[in-house]
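Written out below as structure tokens is the structure these notes cover.
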Amino acid sequence: MEQYEPERRTEAPVAALRRGLRGGRAALTRRSLLRASAGGALAVGGLGTLSACGIPAAGRTQGGSASADHSAKEKVVDFSNWPEYIDVDDSGKHHPTLETFARQTGIQVKYTEDINDNNEFFGKIKPQLAAGQDTGRDLIVLTDWLAARVIRLGWVQKLDPSNLPHAFANLAGQFRAPQWDPGHAYSYPWQGVSTVVAFNKKALDGIEVKSVSDLLDNPRLKGRVGMLSEMRDSIGMTLLDMGKDPEKVTADDYDAAIARIQKAVDKGQIRRFTGNDYTSDLTKGDLAACLAWGGDVVQLQADNPDVDYLIPDAGYLTSTDCLLVPNKARHKANAERLIDFYYRPEQAAALAAYTYYVSPVDGVKPYLAKIDKAAADNPLILPDKATAARSHTFRMLGEKEEAAYEEKFAKLTGA
């Protein structure tokens with residue numbers, strides 16, 4: 001078993017790569033620069049390491065139990081998040097919403113950008129969680145598939161609804177019913193992530209793209225198509241194109257989608273499976289069309305009018321990054337107050353204006369319009385009812401399913 005040494009975390013430095021978009025927005029978003037590919041780590045051994053070292057496999061259906069809360073005496077909350085995933089002022093050193101929260105509540109937020117990868121971060125905190133120890137964090141942000149796992153393991157605390165009145169009232173309908181956390185007993189969305197088809201109009205040179213089928217089949221796009229290295233996104237979008245529902249995916253459905261993409265790989269249709277670098281290729285036109293994350297597309301469009309996107313008639317994928325309180329957190333009530341703070345529309349608007357990802361909060365639009373009218377009108381940030389109705393999620397997988405699915409996807413991508 002690996003030995004976990006407690007570390008004293010310091011504030012992460014401001015990202016070196018910044019650009020002038022609206023006074024200092026990062027050139028690459030959290031999702032394009034650092035999003036974890038579940039495939040590599042899980043296929044190579046991420047799932048296996050849950051049982052190695054004596055850590056139980058995911059099998060529980062409830063989260064953890066309450067522990068001693070020191071919120072009343074200790075006016076602090078320790079919040080771990082991904083880089084470039086919160087509002088930053090023009091200096092790049094201050095988070096206005098966190099400062100507003102501190103002024104309004106008297107609770108200071110120790111904010112650390114120390115989550116660079118779902119699997120890597122989980123590996124860092126799992127020895128403490130498995131041993132029933134405090135991780136030193138009161139609030140963490142995990143992508144939905146991993147959030148579901150830690151809930152099943154019983155490693156996060158059940159939230160107190162009395163501390164979450166705004167969250168309960170303002171949670172957007174699109175996010176209200178995750179199958180892995182009914183009623184949001186243990187988690188609330190931080191931001192939603194949409195997977196769409198993006199393209200470079202100049203590179204297409206008149207070629208019409210309306211669906212994932214066009215990416216996989218149009219010979220005029222041979223060698224100029226990108227798919228994502230995130231299994232759920234590439235397989236999910238392909239399933240939708242095939243008339244299958246990712247929320248009800250079967251083993252046969254999955255194998256059919258793998259075969260569909262494999263055919264495109266074999267004939268050289270797909271240039272490559274990308275993670276952090278499709279944004280550059282799409283901007284330059286090396287990729288004429290690709291699967292992409294909505295927040296990235298919004299930012300790329302600000303600098304390059306040739307970049308555009310479409311939501312196929314078959315629909316699109318949405319995943320969620322989720323706020324959770326780990327077991328043994330010292331300041332659970334303070335963490336809940338911070339969650340609830342971000343479900344006030346004016347604070348959610350300030351966050352959405354920086355991240356450009358999907359806000360999970362109803363009532364944001366008039367506040368966001370005051371900050372950024374174009375963002376408020378963009379369905380990739382604030383989906384209207386028609387757009388939200390075309391959104392689908394990928395079914396939560398059991399442990400054996402996930403290992404099998406990721407192994408097949410890894411073979412497909414050459415990972």
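Below, the figures for the structure above:
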item: Accessible-area order (highest first, 1.4 angstrom probe) of the listed residues ARG260, ARG220, ARG149; result: ARG220, ARG260, ARG149
item: Region 198-268, accessible surface, carbon-and-sulfur percent (1.4 angstrom probe); result: 47 percent
item: Å² of accessible area per residue within region 211-258, as computed with a 1.4 Å probe and no ligands counted; result: 35 Å²
item: Count, lysine Cα pairs under 27 Å in region 224-376, 8 or more residues apart or across chains; result: 6
item: Gyration tensor verdict on region 320-393 (Cα atoms; rounded if a/c is under 1.5, prolate if a/b is larger than b/c, oblate otherwise); result: oblate
item: Alpha-carbon spread of region 62-165, three principal axes, descending order, Å; result: 40, 31, 24
item: Solvent exposure of region 75-130 as accessible area per residue, Å², 1.4 Å probe; result: 37 Å²
item: Region 340-415 - percent of accessible surface contributed by carbon and sulfur, probe 1.4 Å; result: 56 percent
item: In sequence order, calculated HN-Hα J values of region 304-314 (Karplus, 6.51, -1.76, 1.60; Hz; x Gly/Pro); result: 9, x, 6, 7, 8, 8, 9, 9, x, 4, 6
item: Placed amide H near TRP155: partners under 5 Å, 5+ positions off or other chain; result: GLY64
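The values are calculated or read from the model by the stated rules, or taken from the named source; none is laboratory data. Treat the numbers as computed from the prediction; the structure is a model and nothing was measured. In case anyone asks, the SASA skips ligands and DNA or RNA and just uses the protein heavy atoms, side chains included. Shrake-Rupley method; radii C 1.70, N 1.55, O 1.52, S 1.80 Å.
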